[in-house]
Amino acid sequence: MEETTHQPQDLISRRSMMFKGAALGVGATAVGRLLVDPPDVLAKKGHTKVKRGRLTKGDAAILQFLAAAEFIEADLWQQYNELAGIQDGEVSGGSGNEAYTEAVEVLDEDMNQYIHDNTDDEVSHAAFINAYLAAHGEKTINLDQFRTLPSSQADGAQKNVGRLTNLMQLSVDTCFWTRYRSDTLNPDLGDSLPQAIPTLAVGQHPAIPRDNGDVQDANHLQAIANTAGFHFAFIEQGGTSLYAALVQRVTSKEVLRILISIGGTEIMHFQTWQDKAGNAPPLTDGGLVFPDLNADGESTQTNLIMPEPTPFLKRKFPAVSIIRPTETKGAAVGAATALTKNGLFIGQTPEFFTAVTKLAEAADAARHGH
């Protein structure tokens with residue numbers, strides 16, 4: 001869930017319309033099917049359901065959007081884990097693909113453990129937020145009707161499982177790389193940052209092997225693994241900013257605590273993946289070029305994984321090391337738009353785009369005290 005930059009209002013509107021464009025002509029009934037009444041399972045397990053009304057409309061909307069986002073994240077991480085992670089009682093499914101796993105481990109020999117743990121974290125986030133909504137008598141999120149996208153047909157994947165996300169046609173925005181290394185530019189102040197891997201941001205590139213043919217050529221397979229490495233960081237830097245942006249809109253101290261606590265883990269994820277992506281070996285695979293990132297100075301230097309101090313709030317203040325962006329206006333719609341541009345939802349139904357658009361708009365409409 002990528003950048004939610006501060007921008008002039010017309011740019012926010014354009015981004016909103018970009019995402020809405022995928023849902024034109026579809027009614028809002030999809031939202032009703034996505035939001036479901038809280039299950040009674042909590043009561044059966046001995047948990048106490050809190051009296052309805054304890055959450056403001058805005059807090060409920062924020063949590064519902066974040067639950068949907070976490071289910072989306074859990075889906076994509078599950079696919080990565082099936083092929084290159086650890087399959088166990090915590091994160092089951094798949095049996096691993098040895099060739100792909102070895103290519104991913106070029107970035108770090110512990111990648112299988114990191115992928116496993118990131119997957120486990122996102123599954124826990126989605127389950128917790130949904131349970132919290134249910135405990136407060138609010139409608140929960142169920143995306144199962146949209147699990148229709150095809151799986152990888154490579155050895156190790158669950159080939160017949162329907163997915164929410166598409167990891168085989170990605171355009172990965174890598175401006176987050178230069179953004180966190182810049183000491184003069186901040187998207188919250190309207191600045192644009194260059195791509196670290198320009199060719200990765202255009203076209204459609206697989207981040208997992210589509211079938212066994214993708215693992216036959218070592219260079220091509222490493223390009224797929226490199227794409228995954230940068231996609232890991234792209235996803236988690238977006239979550240880092242999204243939680244920081246939406247937390248400014250909540251009312252309840254407990255909901256505030258939830259967003260701060262889960263958002264902190266997104267930061268930990270991003271820091272890990274940014275470090276590992278820097279180990280992606282330079283290579284060329286057709287039109288996709290992974291350059292030597294250490295050849296062009298500090299703007300792409302691989303070991304600069306701590307956020308450089310940058311302008312914040314107003315340029316008159318001294319530079320400060322921060323999460324960026326954190327502008328709250330249009331944050332949820334901006335995140336949904338970024339994931340759409342990423343190619344993550346290629347093949348999804350118009351109803352899916354309508355439902356997520358409505359959730360994002362409701363989260364962005366939340367105000368403290370309402």
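The values are calculated or read from the model by the stated rules, or taken from the named source; none is laboratory data. All figures in this text were calculated on a predicted structure; none of them were measured in a lab. Ideal geometry is used to build each Cβ from the backbone, glycine not excepted, and the neighbour counts take in all protein chains shown. The accessibility values were calculated without ligands, DNA or RNA, using every heavy atom of the protein model including side chains. Shrake-Rupley method; radii C 1.70, N 1.55, O 1.52, S 1.80 Å.
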Item to check | Separation in nanometres of the label points that stand 7 Å from Cα toward Cβ, at Ser261 and Ser321 | outcome: 2.7
Checklist outcome for this item: Given backbone amide H placed at 1.01 Å from N, residues whose amide H is under 5 Å from that of Arg163, ignoring those fewer than 5 places away on the same chain, are Thr148, Leu149
Next on the checklist: Restricting everything to alpha-carbon atoms, can you work out Rg to Rh for the range 217-370 with a Kirkwood hydrodynamic radius?
Outcome noted: 1.02
Checklist outcome for this item: Of the convex hull drawn through the C-alpha atoms of the range 124-185, the volume per residue in Å³ is 189
Item to check | Local net charge near Phe317, Cβ-Cβ under 15 Å (Lys/Arg +1, Asp/Glu -1) | outcome: +2
Item to check | Net +/- balance of residues flanking Leu256 in space, Cβ distance below 12 Å, scoring K and R +1, D and E -1 | outcome: +1
Item to check | Cα convex hull of the range 95-163 - mean projected area over all directions, nm² | outcome: 5.9
Checklist entry - For the chain, max minus min Cα coordinate along each principal axis, in Å, sorted largest first? => result 57, 55, 40
Checklist entry - Is there a pair in Lys139/Lys329; Lys139/Lys341; Lys316/Lys341 whose C-alpha atoms are over 31 Å apart, and which pairs would that be? => result Lys316/Lys341
Next on the checklist: Just to be sure I understand the model, the point goes 7 Å from the Cα along the line to the Cβ. What's the resulting Ser171 to Ser192 distance in nm?
Outcome noted: 1.4
Checklist entry - Magnitude of the Cβ-charge dipole of the chain, K/R +1 and D/E -1, about the Cα centre, nearest 20 debye? => result 2260
Next on the checklist: Out of the total accessible area of the chain (probe 1.4 Å, heavy atoms of protein only), what percent is carbon and sulfur?
Outcome noted: 54
Checklist entry - Suppose R0 equals 22 Å; then what is the FRET efficiency for Asn294 and Thr184 from their Cβ-Cβ distance, rounded to the nearest 0.05? => result 0.60
